[in-house]
Every structure is written in C-alpha cells, then in structure tokens.
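Report on the following structure.
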Amino acid sequence: MKNSLGTVLILIGSFVLINYYSGSYATSANAATGNAASEFETAEIIVYPDPQEAPDSTAGPGMLAEPGAPPGAGLELRSGIVFLNEADLNPTTAAINVKAREQEKRLGFTRIKDDGHVSELDMARDDHDDPVSPLRERRLKDMNNVAAALEFSPARIDGTLLARAKLVGGTPNGSNNGAGWNTLDRIFDTPEFGLVRLIEDDYIDGGGTVLFVREDINRDINGTPAQFKVRCKTTARCESELRWATSKMSYTLTSNRALTVTKLIESFINIARGLR
C-alpha cells in the first residue's frame, strides 16, 4: 500500500495515479441507483493512465513530467498537502480527468473498464470469515489488538452511523518507525451503505504527500476540502469514495455501493464530519 518512492502519494481527483484500491470495485445490488441501464451501456468507458506503463502521466505543482521520465519523476515530493491545478497535468491526463468529471456530473458516476476484479472490501471480509484462508497474517483483527499496534489514536466513531454498524475488523499497516504503524484500515458492515472502509493514514509520520486536484474538490469536511466520487464497472459493481486530509492525517471512506441519491450521499459524508 506504499509506493516504491518511499512516500505515501494519494492523488485525490477523478483519476488516481497511485491508489489504495488498485482499480478494483465492489458488487452492489443498488449500484447506479437512479440511472437507467441504457444510460450506463451508452456511457463512454473512461480509461485511466497506468503510471507504470505511461511514465509521462505523472505531474507536479507547476510542472509536467518529461516524456520518457521514470514514474514519479515529475512529482515534487514534499511532506504535506499539495494542491494541483488541472493545467499542471499533462494534456492527456487532464483531458481524461475533465471527461470523467463531466460524466459523473451528468450520470452520477464515472464508468470505468470492467477488469473482473471484486473490491478489496469484499476480499478482506471473505478472508476474515474463511477459517482456512491462506492469508492469515493479513486477516482483519479485533480492534483491541489493532489499536495497541498504532503510533496514533484511531478516530472515534461515536455519534456517526458507524457506531451502530458491525465492525468486521481492522488492520494496522503502512510504515513503522518503532512507535507503531502509521495506518489503520477498518471495515464495517452497514445497512445503509453496504461494506464501508475507513482508512486513516498519518502521512506526516510516513514522510508522505497528499495531492489534490483543485477542480475535483466538491465537498467540505468541517472546513477541509474533500472529494467524493462514484465509479462503476457495471450497473451492479460500483464503489463510492470520499477522500480528505488534515495537516497530519489523510482519510479515505469507501462504500461498495453506488451512492447517487442526495440523502444517502449526505449521510455518508456526515460520517466523515462526525469523526473525532
């Protein structure tokens, strides 16, 4: 979940160059709610650049990566939050970003290529419930054991809808400088949003950078800029994601359902606003 550059790089926009989810999306019986199947079928499939295959797809503040440069060469790697303008991106990536944003505004979601993968939320839950899983060391754990392994105190969910949800489990990960792990991954099973994943990352401790594209900021979490997006591979396999960051922590809240109804979206975002 950390990239080869030795820092946490999270690009919060309609496209993701370095991503926690590897482009996999979840199954949802309620996906693409409010949008006819015919709209989905006729929607253009948005293809995102792969930083490993398209080295010139990376960009940094006020600069473009030179053609043929290694992945990440165009990034100004400094710890903290960095806001990019869409004009800072190379033309191909910027055009894809605009197209994805316009499609989501029109349909309520962005259609992406179906690679047949289920989401990591589903895989983590299935692994946790499988008594003979070969991935025992990666299995979600009881939160009492997880909290003690962290270098920070997990966000409190009291007063949010997650407080009454079933906690499937948590996993400490990221980097560990001896004081504990700097990332916490928790998965909940909720009646409103299906599986919900909350990732908290002390990116400052990890020497990382959080990148935002200004044009993609469309939400506010207690005064902090955030971005909400919905992506669908099929009408039944979607994922909704909210990302935001403070001067020390970055957060990602994900549902394995397409949240396209205003009331549901606001309820989902209110989880983030209620974290303490």
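Some points to look at:
- Considering the range 225-276, and only residues there that are over 22 Å from residue 202 (Cα atoms) and of a type in the set (Lys, Arg), the residue that is surrounded by the fewest Cβ atoms within 10 Å (Cβ to Cβ) turns out to be 263.
- Among the residues making up the range 91-113, those that are more than 18 Å from the chain's Cα centre (by Cα) and open to solvent by 70 Å² or more (accessible area, probe 1.4 Å) are 91, 92, 99, 102, 105, 106.
- In summary, strands (runs of 3 or more DSSP E) completely within the range 187-271 and bearing 2 or more residues that are among the hydroxyl-bearing types (Ser, Thr, Tyr) occur at 224-234, 249-255.
The values are calculated or read from the model by the stated rules, or taken from the named source; none is laboratory data. Computed from a predicted structure; not experimentally measured. Glycine gets a Cβ as well: all are built from the backbone with ideal geometry, and neighbour counts include every protein chain shown. What goes into the accessible areas is simple: the full protein's heavy atoms, side chains included, and nothing from ligands, DNA or RNA. Shrake-Rupley method; radii C 1.70, N 1.55, O 1.52, S 1.80 Å.
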